[in-house]
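See structure below.
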Amino acid sequence: MAFPSAFRLLAIVLISAVAGAINSIAGGGTLLTFPALIGLGIVPLVANATSTVALWPGSFASMMGYRPELRGSLRWAIGFAVPSLIGGGVGAWLLLRTPPARFDLIVPWLVLGATALFILQPRIVRSVQRRRADSIADEEAVAATDQTSNGSLPAPGVLVLQFFVGVYGGYVGAGAGIIMLAALGFIGLTNIHRMNGLKNWGGLCMNAVAAITFAFSSLISWPIALAMAVGSISGGYLASQGVQKVDQKHVRLLVIAIGLLGGLWLLMHKS
């Protein structure tokens, strides 16, 4: 592929800044970078790998912006990192062995499925909390419990669930953040800003392994990856600062909109 023009590189920097912001808020920034890279003549498999490498610095920047949300959760975050790292490596290994045509077919359904899971998550969490309240007879105490800040490690079930989320994240970046937010809701978390902080931390871990794996493959377009990294760093950090001042309901609606529109776009543009 020929070296992209200065105009195209500037365009991809701007688009990546928006993608970095979206990753900070909800996950799904790849849903923007996919069409941009495909417009440059890159096949979807290469576009996915290039996006993973390029958007990782933005994930780090947004993670730094969410540090206040993770205070008191060090042991939980360390435990959460282990399945994220392992799962991300497994997912990246699987992607390198997937034929491009098959990858193009399954991506839209993975993204739409993740979005549907996130839409259903609040109802399922309320049902779980009601059952807990029946057995403990103190619904307010149950709702106030925050298992991430009580000094304990994540439960084994949480680790297993996060491993599979990590496999998905290493395999396809699009929608991984949405799945992680849904999974965190299923285990009982309700504060969307703390969930975003943990989501960014888990994504940072799983994408680090995937990015390193892809960097040693032939799937990366390095001029575009470097241009995207510049945009994603600025967009990720700025959004992580501003979104914590936004009402949680509005953030949740934005997550759903990103997932639905991105999944439908991918479905309509299958090759």
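The values are calculated or read from the model by the stated rules, or taken from the named source; none is laboratory data. Being a predicted model, the structure only gives us computed values, none of them experimental. Positions of Cβ are backbone-derived with ideal geometry, glycine not excepted, and every protein chain shown enters the neighbour counts. What goes into the accessible areas is simple: the full protein's heavy atoms, side chains included, and nothing from ligands, DNA or RNA. Shrake-Rupley method; radii C 1.70, N 1.55, O 1.52, S 1.80 Å.
Residue check: is VAL209 of a type in the set (A, V, I, L, M), out of contact with any Leu (no Cβ under 7 Å at 6 or more places or on another chain) and either closer than 25 Å to GLY88 by Cα or at pLDDT below 70 (or both)?
Values: of a type in the set (A, V, I, L, M): yes; out of contact with any Leu (no Cβ under 7 Å at 6 or more places or on another chain): no; either closer than 25 Å to GLY88 by Cα or at pLDDT below 70 (or both): yes.
Here the answer is no, as VAL209 does not meet what is asked.
Across region 163-192, what is the total count of residues that are closer than 15 Å to ARG123 by Cβ and at pLDDT below 75?
2
I'd like the full set of residues that are open to solvent by 10 Å² or more (accessible area, probe 1.4 Å) and more than 15 Å from CYS205 (Cα to Cα), limited to region 43-66.
Passing the criteria: VAL43, PRO44, LEU45, VAL46.
Which count do you get for residues in region 212-232 that are out of contact with any Pro (no Cβ under 9 Å at 6 or more places or on another chain), part of a helix (DSSP H, G or I) and surrounded by fewer than 23 Cβ atoms within 10 Å (Cβ to Cβ)?
Residues in region 212-232 being out of contact with any Pro (no Cβ under 9 Å at 6 or more places or on another chain), part of a helix (DSSP H, G or I) and surrounded by fewer than 23 Cβ atoms within 10 Å (Cβ to Cβ): 5 in total.
How about region 246-256: which of its residues are farther than 11 Å from ILE178 by Cα and modelled with pLDDT of 75 or more?
Of everything in region 246-256, just one residue is farther than 11 Å from ILE178 by Cα and modelled with pLDDT of 75 or more, namely LEU253.
Could you look through region 84-123, keep only residues that are of a type in the set (Phe, Trp, Tyr) and under 17 Å from the mean Cα position of the chain (by Cα), and pick out the one that is modelled with the highest pLDDT?
This residue is TRP109.
Does region 73-114 hold any residues that are open to solvent by less than 60 Å² (accessible area, probe 1.4 Å) and more than 29 Å from PRO44 (Cα to Cα), and which are they?
Of everything in region 73-114, those that are open to solvent by less than 60 Å² (accessible area, probe 1.4 Å) and more than 29 Å from PRO44 (Cα to Cα) turn out to be SER73, TRP76, ALA77, GLY79, PHE80.
Looking at the structure I just gave you, is ALA81 within 16 Å of the chain's Cα centre (by Cα), farther than 27 Å from LEU260 by Cα and either aliphatic (A, V, I, L, M) or modelled with pLDDT of 90 or more (or both)?
Spelling it out, ALA81 is indeed within 16 Å of the chain's Cα centre (by Cα), farther than 27 Å from LEU260 by Cα and either aliphatic (A, V, I, L, M) or modelled with pLDDT of 90 or more (or both).
Give me the pairs, please: first residue somewhere in region 144-169 and of a type in the set (A, V, I, L, M, F, W, C), second residue anywhere and open to solvent by less than 60 Å² (accessible area, probe 1.4 Å) and at pLDDT 85 or above, beta-carbon distance under 6 Å, and either six or more positions apart or on two chains.
LEU153/GLY79; LEU159/PRO83; PHE163/PRO83; PHE163/GLY87; VAL167/GLY87; VAL167/VAL90; VAL167/GLY91
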